[in-house]
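Inspection log for the structure reproduced underneath, given as structure tokens.
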Amino acid sequence: MDADEVEAFLREQRTARLATVDAAGHPHVTPVWFVWDGSTVWVSSLIRSQRWSDIAGNTAVALVCDAGETYGELRGVEITGTAAVVGEVPRSDEPNDAVAEAERRFEQKYLGRSMRHDGKHGWLRIHPTLVVSWDHRKLPAPKPPLESDSGGF
């Protein structure tokens, strides 16, 4: 995908999988809702989650967002980067400029209303160090077999 296609894809997709690593080196992958602001990924996360604990000890993360049912439809984006906690923990209803834009985008994408902070979540911002994308819809169509390639001997 080119940069515009990556941008559109990340804005339209609703679920990604976020991979973290715990102190013992064990990977942990969870589905998350996310918003893309054009340069970083934002995730509202439970602060008593394995994901949150892992990031407290190791900020290296990977996020994959993909779509498609058949091989020829597969497309996606993988983001490798570092996660940082932004704003107060847990997030309260007090105005906070550091997370205001992420919350606006999250509300628009998922809620259709203002966020209600429950005292259990905080914001993670993922700064990409590498973005890789693929789109199998762009692969050339397979060539039909030649008559001489019947497989017989």
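Summary table below
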quantity: Among the residues listed as 137, 105, the single one being under 22 Å from residue 16 (Cα atoms), touching a helix residue (DSSP H, G or I) at 6+ places or on another chain (Cβ under 7 Å) and not in a strand (DSSP E or B); calculated: 137
quantity: Residue 99, sole failed condition from (1) in a helix (DSSP H, G or I); (2) surrounded by fewer than 16 Cβ atoms within 10 Å (Cβ to Cβ); calculated: (2)
quantity: Flag if residue 50 is free of Cβ contacts under 8 Å to residues at least 24 places away in the same chain and under 18 Å from the mean Cα position of the chain (by Cα); calculated: no
quantity: Matching residues in the range 1-47 - criterion: being under 21 Å from residue 98 (Cα atoms), in a strand (DSSP E or B) and in contact with a strand residue (DSSP E or B) (Cβ under 7 Å, 6 or more places away or on another chain); calculated: 32, 33, 35, 41, 42, 43, 44, 45, 46
quantity: Failed item in (1) assigned to a helix (DSSP H, G or I); (2) among the charged types (D, E, K, R); (3) under 12 Å from residue 123 (Cβ atoms), with residue 88 passing the rest; calculated: (1)
quantity: Residue in the range 137-152 that is polar (S, T, N, Q), farther than 17 Å from residue 34 by Cα and either in contact with a His (Cβ under 7 Å, 6 or more places away or on another chain) or surrounded by 11 or more Cβ atoms within 10 Å (Cβ to Cβ) (or both) present; calculated: no
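The numbers here are math on the coordinates, done by the rules we state, and not lab data. The structure displayed is predicted, hence computed values, not measured ones. Neighbour counts are summed over all protein chains in view; Cβ atoms, including those assigned to glycine, are modelled from backbone coordinates with ideal geometry.
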